[in-house]
1. Short version: what are the Cα gyration tensor semi-axes of region A:1-82, square root of 5 times each eigenvalue, largest first, in whole Å?
2. Using Cα-only point scatterers and the Debye equation, what is log10 of I(q)/I(0) for region B:283-370 at each q in 0.10, 0.11, 0.18 Å⁻¹, rounded to two decimals?
3. Please give the helix A:10-35 orientation as an angle from the longest Cα principal axis of chain A, in degrees from 0 to 90, rounded to the nearest 10.
4. Would you mind ranking A:T153, A:T27 so that the residue whose beta carbon has the fewest other beta carbons within 10 Å leads the list?
5. Provide, for q = 0.22 Å⁻¹, the log10 of I(q)/I(0) from a solvent-free Debye sum over equal Cα point scatterers in region A:135-196.
6. Between region B:39-97 and region B:202-223, how far is it from one alpha carbon centroid to the other, in angstrom?
7. Taking 8 Å as the Cα distance limit and 6 or more residues as the minimum spacing, I'd like the relative contact order of region B:357-411 as a percentage.
8. Longest segment of chain B with no chymotrypsin sites (Phe, Trp or Tyr not before Pro) in a DSSP loop having at most 14 other Cβ atoms within 10 Å?
Amino acid sequence: MDVLDILLQASFWAATLRIATPLIFGTLGELICERAGVLNLGIEGIMTIGAMSGWLFVYLGVDLWTGILLAAMIGAAFGLLHGILTVPLGLSQHVTGIGITLLASSLAYFTYRVLLPDVATPPRIEPFQPWAPDWLLAVPFLGPVAGQQTALTWLALVLVPLLTWVLYRTPLGLALRTCGENPVAAEAQGLDVYAIRIGAIMAGSALMAVGGAFLTLSAFNAFFFEMVSGRGWICIALVVFASWIPWKALLGALLFGAFDAFQVRLQQMMGGAVPYQLFLMLPYVMSILALVVMARRAAYPQALMRAYVKGQR
Amino acid sequence: MTAPGQEPPLLRLRGITKRFGSLVANDAIDLDLAQGEILALLGENGAGKTTLMSILFGHYVADAGTIEVMGADGAPQPLPPGSARAALAAGIGMVHQHFTLAMNHSVLDNVILGTERLWSWRQDLAAARAKLAALIETTGLAVPMDARVGSLSIGEQQRVELLKALYRSARVLILDEPTAVLTPQQSALLFTTLRRLAEGGLGIIFISHKLEEVLSLARRVAVLRHGRKVLEVAATGTDKARLAHAMVDRPVELPKAEPQPVGAPALELEGVHVAPAAGVEPLVDVDLTLHAGEIVGIAGVSGNGQRSLAGLVAGTLLPDRGRLRLAGAAWPQGGPKALIAEGVGRIPEDRHRQGVVGDMTIWENLALEGYDAPACRRFGLLDLASFRRRAQALRKRYDIRGGGSETPARLLSGGNMQKLILARVLERGPRLILAAQPTRGLDIGALAEVHRHLLEARARGAAILLISEDLDELMQLADRVAVLYRGRLGPARPRAEIELARLGLEMAGQGPAGADAA
Ligand SMILES: Nc1ncnc2c1ncn2[C@@H]1O[C@H](COP(=O)(O)OP(=O)(O)OP(=O)(O)O)[C@@H](O)[C@H]1O
Ligand SMILES: [Mg+2]
């Protein structure tokens, strides 16, 4: 088996999509926040609490989609907190975001431990089952890849053109982008910058939480500590890689997913000859390299990370 | 209230008062505006003009007072405070002193922003495009609709601001210092447009520091001083001197440059070349000699290489080719610090960002260029008491008002900030002074003050490179004037040989300086 064989395996591409799905949700969520001018470093924590709460609600008996919805609402609530602190109060977006991450992930672990004080193996739920439309299953090569995906992956893929449309083809999208470019311009045209920015952070955070919930409700069937393990931070980098453009965010997430899927297979192929940590590093090294190439000419939102305080000069 | 036969005012402000802490920025101001009228609003820097208009437009909320706007039915309606949305709905449009444009968006996007229902699945771009095209047609405000606003010239960007207001069928148009950044030709064009709009029934409030244009354009003039309205007259019944006097409460005399013999070359540029790069305006084979005791003016529209020329002299930029000499010797190596030590004084274009450190106090800012001299030290440590004493003296000598030595510099008005920079630069007795747009946005009192200081430095034998867009300023101060256009510098000709109209054309590229560049 050599490298080319890996690329021809349906299982490789299926894994790529699966790994990319939470990254797509997270990156699009972060992208919405940043397009409105607010950096959301709460993403890592919001994904964690999304993963935990989505799982918990399903464990307590609600159906899977309701679990996703509730996770999204909890994500939005943390977004609201981040928004209130950074938008009208104008606090440092870095510090607030890191605070949100610490708060949300600690809260997730705390709740989990309080509700399940003495379980040794994490309790399982019945996760999303693979699903794909029949016509797609019939396509050679694509069929087997699609056949392993769940509805959440399709949702993530549909979100990309949907978000593109909203950002570039609707009045709301124009308003949102203007808040990230020059909030004074938005204000001077009668828009409520605070409402738009907070709304964007809430919507973005909801997507991040769904990305987290994908881990517990689709990729796995239980909640583990540290299960988000830096995916949120990867999303932050992917937004820059994508130059704040949704389809490039998809590309970045797929690229990362592919490297991750590739390194696992490469590890197996090489046996013990090379320390496995080197393979684990591979996707991260590749994303740093890609970032260096792409981000140098990125035109970032001009008002990103700049607080807008009404009535101040 | 309205006398029979007299039209009711379009806009009525009563008793508008606004305080910032202990500062009264607007003090019980009454103001009326009729349909089709152009009203000029004058006042020193910090008099409260922008504050008043920001209250009208809903950026600030007044502490007291009422605003009424004539509704569509002709009856006056109170305007809810603190809402730009309400002001826009009432037909008030504003062209801000600092443009409120999203530079990375297209002209069309900037114009339609906020005019459609926010929650809608699509934009009606075709209709918007047609409406904007018709508006451009009727007003003559030509701009490419799909161009990125950031790629437009300042004059075009201002047209976008006007279109934004007119697109919403504004009935009151506020322009806050619209001509501060325009060339004379662009200003003349703007005035033609404004006159036509006023004839169509638009009420216009126009803020400016340039008294000639105020007198030629406005029907009525109101003057603010320290937040109070001190004068309101018909434009035909007044003159420049009276308006200037009302603004600053003392007669203003603009100093004139008396001819004087020049000394040895202080600054020489030979074949200086700066390659274009991101954020760097190119220069092409620039030759210039500047003598001691001489002011050479660089005329031109911003963006034609001024920033690079200033950067070279300030020591923040090195030429790609060619050579600079200071007082006949090789150009000092070691950047700005070495230049300051060699007697180069810099008055930067962007006084807020490059001239002062906003959060540092006035005395700290005054000490920035000379704090490491041995005289400023005691027992090896900085002698802060001497800095404070010196600041006290300088504030008095240069008439820096608006705070004590401990006030952060960012709270100073533009004029006082500029005086602070002048004090810091001139106290060192520089032999070469770079003055980039030294009076941009300053009121006539502060402008006269800056001119006086520059002429005094010249009389002392300093060589001054004056980069300015204000032709009147160049004609008053400069011994010789050269035009900079697209990185090429024309010959520096003596002031007596220069015609103002020709200069304006050359700045637009229609003359010797631009001929070979085009
Ligand atoms: N948001 C604010 N906070 C504190 N002080 C302010 C604020 N806005 C304005 N001021 C102060 O109010 C006074 C009036 O300012 P304003 O901007 O209205 O002056 P202006 O007449 O427009 O001057 P210029 O000709 O320089 O534009 C100034 O002293 C200014 O420092
Ligand atoms: Mg002003």
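Read the figures in this text as sums done on the coordinates, not as results from a lab. In this text the structure is predicted, and so the values were computed from the model without any measurement. Cβ coordinates were reconstructed from backbone atoms using ideal geometry, including for glycine residues, and neighbour counts include every protein chain displayed.
1. Numbers: eigenvalues 178, 80, 15 Å².
Ellipsoid semi-axes (Å, largest first): 30, 20, 9.
2. Log-scaled intensity ratios, in q order: -0.30, -0.37, -0.96.
3. Helix A:10-35 and the main axis of chain A meet at about 10 degrees.
4. On the way: A:T153 26, A:T27 34.
The fewest-first ordering by Cβ neighbours comes to A:T153, A:T27.
5. At q = 0.22 Å⁻¹ the computed log10 ratios are -0.86.
6. The two parts, judged by their Cα centres, are 17 Å apart.
7. Working: 47 pairs, mean separation 31.9, N = 55.
For region B:357-411, the relative contact order is 58 percent.
8. Working: sites that count: B:W119, B:W121, B:Y371, B:F379.
Between exposed loop sites, the widest span is B:122-370.
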